[in-house]
Amino acid sequence: MGAPVLMADPANPPSRSAPLVWALGAAIPWLFIAFGQVVWFVLDARAPWLHVGAAAATALGVLVSVVIAPIWRYRVHRWEIGARAVFTRTGWLVQERRIAPISRVQTVDTYRGPLDRLFGLANVTVTTASSAGAVRIVALDVAVADRVVAQLTDIAALGGPDAT
């Protein structure tokens, strides 16, 4: 058995475009809610205090999920690939730190949703033999994601036997 893997704080942030993509992704449901409130007001203008309360709740929800959360997530999300493990730190309200030993890597996948493609981003999923699930490195520039996948593939191929 080798030396223990130390749990250091990962150093690499997501792409600088990540907060914008996260904000736009969060804004889409709020647009439907706001549209529904406008339709509700047009069809039934009784109880204006109720409409004002609903609009205030929506504005607060937009502020938190579209403005504050993406900025905070960007400050928290970090990733790093060492010679022996993949390290990630994610979350915004609840934060999670994960280590995936390279010897446990089973697959490395990329995912690009519509907003990711629009802004040139990709997400890397490192599947391991862990019951905690895959390790995700989110909102990387496509070129960085391609390098991460190539690096993980090279490291995993050079590594010893599977540790599972």
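The values are calculated or read from the model by the stated rules, or taken from the named source; none is laboratory data. Everything numeric in this text was worked out from a predicted model, so none of it was measured. Heads up, the Cβs are rebuilt from the backbone with ideal geometry, glycines too, and the neighbour counts pull from every protein chain shown. To get the accessible areas, we keep the full protein, side chains included, count just its heavy atoms, and leave off ligands, DNA and RNA. Shrake-Rupley method; radii C 1.70, N 1.55, O 1.52, S 1.80 Å.
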Given the conditions (1) more than 22 Å from residue 17 (Cα to Cα); (2) open to solvent by 30 Å² or more (accessible area, probe 1.4 Å); (3) not β-branched (Val, Ile, Thr), and given that residue 115 satisfies all but one, which numbered condition is not satisfied? (1)
Which listed residue is in a loop (DSSP other than H, G, I, E, B), of a type in the set (Gly, Ala, Ser) and at pLDDT below 95, from 100, 83: 83
Looking only at the range 103-140, count how many residues are part of a helix (DSSP H, G or I) and modelled with pLDDT under 95. 2
Here are some residues: 132, 139, 100, 122. Which one is open to solvent by less than 30 Å² (accessible area, probe 1.4 Å), under 30 Å from residue 64 (Cα atoms), free of Cβ contacts under 8 Å to residues at least 40 places away in the same chain and not assigned by TED's automatic domain parsing to the domain that holds residue 22? 122
Residue in the range 54-83 that is nearest to residue 137 (Cα to Cα), counting only those that are open to solvent by 40 Å² or more (accessible area, probe 1.4 Å) and among the small types (Gly, Ala, Ser): 83
Is at least one residue of the range 22-37 open to solvent by less than 60 Å² (accessible area, probe 1.4 Å), touching a strand residue (DSSP E or B) at 6+ places or on another chain (Cβ under 8 Å) and not assigned by TED's automatic domain parsing to the domain that holds residue 125? yes
Residue check: is residue 67 outside the structural domain of residue 23 (by TED's automatic domain parsing) and either β-branched (Val, Ile, Thr) or assigned to a loop (DSSP other than H, G, I, E, B) (or both)? no
